[in-house]
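> First the structure, which I've put down as structure tokens, then a few questions once you've had a look.
The values are calculated or read from the model by the stated rules, or taken from the named source; none is laboratory data. These numbers were taken from a predicted model, which means no experiment stands behind them. Cβ atoms come from the backbone with ideal geometry, glycine included; neighbour counts cover every protein chain shown.
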Amino acid sequence: MQTTDNILRFSIYDDRKSSLMRETLNLSECEINIAQYKQSINCIRPPVNQAQDTSNRINMNICHLTPHYLPSFAGLTTVYREIAAEEIKLGHTVSVVCYFPWKPWKETDVKREQIEGVSVIRLKNHIMSSRYPRLGRFFMRFVFPFVFCSAMKDLACDVLHVAGITHLTYAALIYGKLKKIPVVISLFGEELRLLEERKNGLSAVKQFLRKQLNRYIYRRADAVTCSSMSLVEGLRKLNLRSDSKLIYNGVNVGKFAMPSADTVIARKKQYGLPLDKLILGSVGGISHRKGYDILLDVFARLNNSQPRYHLAIVGGGDVESLERQATKLGIRDAVTFLGAVTYENLLELYPLMDIYVQLPRFEEGVSQTALEAAMFEKPVVLSDCGAMRDSVNNGISGYLIPIDDRDIIAKCIGQLASDKNLIKKMGQAGRKWVAEHRCYATIARQYIDVFSNCLNRSS
């Protein structure tokens, strides 16, 4: 079935263990206006009456609830920043409720500000800010919902969109039921991993209670969306929710212009990266679950056999432990730790890399950084865990590697490094794939469709 600007395509999604028929809308242009979008929806769906038409609600007051937002730098921050920007373009009013980005010992409980056209309400996370964590947890469980409801009283809101399961989620469900406002929960990462782990003794009891609470929360939500097929299947497997909707994370295509060769050389000098080496890059907070120790070990094998590589690691955290490991492996001079950077600086660093590598050892959400690296025509090498497999077109724009299989990781990186034409081919294929299938202009409309459905059901 074909319209003037849009093609409807039915495809089979194959995720190794299961297949799910899903409907995807392939848009010839990401930047289409809302009228064209409504026209395409009407072309592919049977006529409905005015009360059921999910595309007629033009002006919504959308409130996003997320632990992180600007100026914090995190994958979730980027997701909500881009979704909010697209929603504003479509004429909606957007607000964000989040925690303070630091430990505000003496800050007030609530702070209001405007950032990029978004009304931001910051609340104190008492677990992080309290000198007594147990007291902080007690406060967040029993007092925080009242603080939240008080902060929301002057905010016009048609729908609450919550990221994951946090204290914000509990508070939003209470407020939503009191005010009869639909609540949509979106899962982005490892929300289900803790529920799937097997525990013994008292830990098993706590996990059972946590699972029951999560089941209640997911079922009380008006809608649940997932950023990967692994999360959709996880909700079904754990009998938490069977009707969740798949909405991927994406990128803002307009932000990823390729710099000139002279600019790349100048920036390599600026950041202290060698001009005559093949640069492997990785981005993310430094912690055990991110698998940086695996990356250093693989890099040592590659560099000791043929010293033509250089590794650039971007992210804050336990840098000292990685420095000690690099020194022990004899590769300290071949590794540059760039620390935590702003998002604008990160966009300058991607083009300096030749191959992007991310090797988490535990369940991860869709890799925002892998998508962004692909937009700068960098082939990506990722661990095959959780939603990471939704971050690359395996074999076309990069490789998915079994978790902690260091021999295969080294082999894949070595194969790429030995063939510059393959690097270029995979990089170009990655940019095309991300631009076509992970565009935020389309993703924002998918969220709006979910919100509209919830509002129509509640009216």
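> With the checklist (1) loosely packed, with under 15 Cβ neighbours inside 10 Å; (2) in contact with a Pro (Cβ under 8 Å, 6 or more places away or on another chain) in hand, flag the one item Lys268 doesn't pass.
(1)
> If the requirement is being touching a strand residue (DSSP E or B) at 6+ places or on another chain (Cβ under 8 Å) and among the small types (Gly, Ala, Ser), which of these qualifies: Ser418, Ser458, Ser391? First the steps, then the outcome.
Numbers: Ser418 fails: touching a strand residue (DSSP E or B) at 6+ places or on another chain (Cβ under 8 Å); Ser458 fails: touching a strand residue (DSSP E or B) at 6+ places or on another chain (Cβ under 8 Å).
Going through Ser418, Ser458, Ser391 in turn, just one is touching a strand residue (DSSP E or B) at 6+ places or on another chain (Cβ under 8 Å) and among the small types (Gly, Ala, Ser): Ser391.
> I'd like the full set of residues that are surrounded by fewer than 19 Cβ atoms within 10 Å (Cβ to Cβ) and under 17 Å from Val143 (Cα atoms), limited to the range 170-192.
Matches in the range 170-192: Tyr170, Ile174, Leu178.
> Show me the helices (runs of 4 or more DSSP H) entirely contained within the range 344-459 in which 1 or more residues are more than 19 Å from Phe299 (Cα to Cα).
Once the helices (runs of 4 or more DSSP H) in the range 344-459 are filtered for at least 1 residues that are more than 19 Å from Phe299 (Cα to Cα), what remains is 368-375, 420-437, 440-458.
> While we're looking at this one, here's another question. Can you tell me which condition His161 does not meet? The list is (1) modelled with pLDDT under 85; (2) closer than 24 Å to Ala223 by Cα; (3) within 19 Å of the chain's Cα centre (by Cα), and all the others hold.
Here His161 clears every test but (1).
> Now for a different question. Taking only pairs six or more apart or across chains, which ones have beta-carbon atoms under 6 Å, a first residue in the range 255-269 that is closer than 23 Å to Ala435 by Cα, and a second residue that is hydroxyl-bearing (Ser, Thr, Tyr)?
Here the result reads none, with nothing in the range 255-269 linked to a residue that is hydroxyl-bearing (Ser, Thr, Tyr).
> While we're looking at this one, here's another question. Pull out all pairs, ordered by first then second residue, where Cβ-Cβ is under 6 Å, the residues are six or more apart or on different chains, the first lies in the range 422-450 and is under 16 Å from Glu372 (Cβ atoms), and the second is part of a helix (DSSP H, G or I) and aromatic (Phe, Trp, Tyr).
none
> Of the residues that make up the range 264-278, is at least one under 16 Å from Thr369 (Cα atoms) and polar (S, T, N, Q)?
The first filter runs over the range 264-278 and keeps only residues under 16 Å from Thr369 (Cα atoms), leaving none.
Taking every residue of the range 264-278 in turn, none turns out to be under 16 Å from Thr369 (Cα atoms) and polar (S, T, N, Q).
> Among the numbered criteria (1) within 17 Å of Gly281 (Cα to Cα); (2) in contact with a strand residue (DSSP E or B) (Cβ under 8 Å, 6 or more places away or on another chain), which one does Ala410 miss?
(2)
> Taking the range 291-326 only, how many residues are of a type in the set (Val, Ile, Thr), under 16 Å from Phe337 (Cα atoms) and crowded, with 21+ Cβ neighbours inside 10 Å?
2
> Out of the range 114-146, which residues are hydrophobic (A, V, I, L, M, F, W, C) and modelled with pLDDT under 85? Quick ask: steps written out before the conclusion?
Here is the first cut: in the range 114-146, the ones hydrophobic (A, V, I, L, M, F, W, C) are 115, 118, 120-121, 123, 127-128, 135, 138-140, 142-144, 146.
Hits for the range 114-146 are Ile127, Met128, Leu135, Phe138, Phe139, Met140, Phe142, Val143, Phe144.
> Also, I was wondering about something else. State which residue is farthest from Gly254 (Cα to Cα) when the search covers only the range 421-434 and only residues that are of a type in the set (A, V, I, L, M) and touching a strand residue (DSSP E or B) at 6+ places or on another chain (Cβ under 8 Å). Let's see the steps before the verdict.
We begin by selecting, within the range 421-434, every residue of a type in the set (A, V, I, L, M); these are 422-423, 426, 429, 434.
Those still in the list that are touching a strand residue (DSSP E or B) at 6+ places or on another chain (Cβ under 8 Å) too: 423, 426, 434.
Working: Ile423: 23, Met426: 21, Val434: 12 Å.
The selected residue is Ile423.
Residue by residue, here is whether (1) part of a loop (DSSP other than H, G, I, E, B); (2) touching a residue at least 12 places away in the same chain (Cβ under 8 Å) holds:
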| position | (1), (2) |
| --- | --- |
| Phe208 | no, no |
| Ile217 | no, yes |
| Val232 | no, yes |
| Asn249 | yes, yes |
| Leu275 | yes, no |
| Arg289 | no, yes |
| Asp297 | no, yes |
